[in-house]
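Chemist: First the structure, which I've put down as structure tokens, then a few questions once you've had a look.
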Amino acid sequence: MREIKAFILDLDGVVTDTAEYHFRAWKQLADEERVTFTREHNEALRGVSRRKSLEILLGDHISRYTEEQILEMMERKNNYYKIYLETITKDDFLPGAKELLAGLKERGMKVAIGSASKNTRTVLTRLGILDFFDGISDGYTVSRAKPAPDVFVYAAGAVGVPTEYCVVIEDAKSGVQAALTGGMVAVGIAPKERVGAAHFRYDSTADIDLDEIFSS
């Protein structure tokens, strides 16, 4: 049985769901740049950094743009996204998220956020749980995005727990890969084809069985 001392949670898709806001923001940018972008394309952006997402969105068209234009588009997309974020309230938790957080604290766990988003603190503030977390690792803390393990390794350091005693909860393939690369227990909450490599897999946050994870 592995000793567990900390949980690191991805934000989007685990605690709350801003995926629709991301899609609308990227779609708005894509339409302005006359690039085809559908919900199917959007699936490839899960757990990916803003720059990498833009590279995926533009595809071969990226050669048309200068570095300055690329940076401008990243900022434009983020501005659209932040406008959508203004609609988030303390009621916008995913089902089971509040119960998960409470359960982890009841077990004396350190709890951190490990998210690629540079808007992590804004979202946590709007949800009213910024002060709940013992550590926050986001798009500002590391340069290499998932599937590199950096964002989770930083989160483990932020709560003072060695990576081998950490559990990561993720809904993206790249996030599961990052957790595994970092030597952590990976919990995937998504279809098997997306997060099947995880040590544990559940359909949603509400389905997570902490007793099963702790007894493994």
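Read-outs throughout are calculated quantities, based only on the coordinates presented, and are distinct from any laboratory measurement. Computed from a predicted structure; not experimentally measured. Counting neighbours? That spans all protein chains shown, and the Cβs are built from the backbone with ideal geometry, glycine included.
Chemist: With r defined as the distance between the Cβ atoms of Ser204 and Val35 and R0 fixed at 35 Å, what FRET efficiency is calculated, to the nearest 0.05? Please report the intermediate quantities before stating the final value.
Modeler: Details: r = 32 Å, r/R0 = 0.91.
So, using R0 = 35 Å, E works out to roughly 0.65.
Chemist: What does the extension gain come out to for Ala197 and Lys118, with contour length at 0.36 nm per residue minus their alpha carbon separation?
Modeler: Length gained, Ala197 through Lys118: 25.8 nm.
Chemist: What Rg and what Dmax come out for segment 1-54 when only alpha-carbon atoms are used, in angstroms?
Modeler: Looking at segment 1-54, its Cα Rg and Dmax stand at 15.2, 53 Å.
Chemist: With label points built 7 Å along Cα→Cβ from the Cα atoms of Ser215 and Ala44, find their separation and express it in nm.
Modeler: It works out to 4.2 nm between the two label points.
Chemist: Just the number, please: percent antiparallel of the DSSP beta bridges in the chain, rounded to the nearest 5. Can you show the working numbers first?
Modeler: Numbers: 0 of 19 bridges.
Percent antiparallel among DSSP bridges in the chain is about 0.
Chemist: Which residue fluctuates the most in the chain, going by a Gaussian network model with Cα springs under 10 Å, if the choices are Glu86, Glu20, Glu193?
Modeler: Glu193
Chemist: If you don't mind, there's one more thing I want to ask. Percent of Cα-Cα pairs more than 20 Å apart in segment 66-216, please.
Modeler: Working: 6018 of 11325 pairs.
When all Cα pairs of segment 66-216 are counted, 53 percent exceed 20 Å.
Chemist: Per the helix-only calculation at 222 nm, which mean residue ellipticity applies to the chain, given -39500 (n - 2.57) for every DSSP H run of n ≥ 4 and division by its residues, nearest 500 deg cm²/dmol?
Modeler: Taking each H run of at least 4 residues, the total per residue is -12000 deg cm²/dmol.
Chemist: If each residue of separation counts as 0.36 nm, what is the full-extension length gain between Glu67 and Lys52 once their alpha-carbon separation is subtracted?
Modeler: Length gained between Glu67 and Lys52: 4.1 nm.
Chemist: Please list, ordered by chain and number, the residues whose modelled amide H lies under 5 Å from the amide H of Arg201; skip anything fewer than 5 residues away on the same chain.
Modeler: Gly188
Chemist: Scan around Asp17 for amide H atoms under 5 Å from its own, H built in the peptide plane at 1.01 Å from N, and keep only partners 5 or more places away or cross-chain.
Modeler: Here the answer is Leu94, since their amide H atoms fall under 5 Å of that of Asp17.
Chemist: Using the beta-carbon distance between Thr87 and Arg144 and R0 = 45 Å, what value does 1/(1 + (r/R0)^6) give for FRET efficiency, to the nearest 0.05?
Modeler: 0.90
Chemist: Oh, and also: Rank Gly139, Val167, Tyr65 by how far each Cα sits towards the positive end of the charge dipole of the chain (+1 on Lys, Arg Cβ; -1 on Asp, Glu Cβ) and give me just the farthest.
Modeler: Tyr65
Chemist: Same structure again: Hey, got the dipole for the chain? About the Cα centre, +1 on K and R Cβ, -1 on D and E Cβ, debye to the nearest 20?
Modeler: Numbers: 28 positive and 34 negative charges, 65 e Å.
My answer is approximately 320 debye.
Chemist: One-quarter of the Cα convex hull surface for segment 8-126, in nm²?
Modeler: Averaging across all directions leaves 7.9 nm² for the Cα convex hull.
Chemist: Using Cα centres only, tell me the gap between segment 1-47 and segment 157-175 in whole Å.
Modeler: Value for the Cα centre distance between the two parts: 18 Å.
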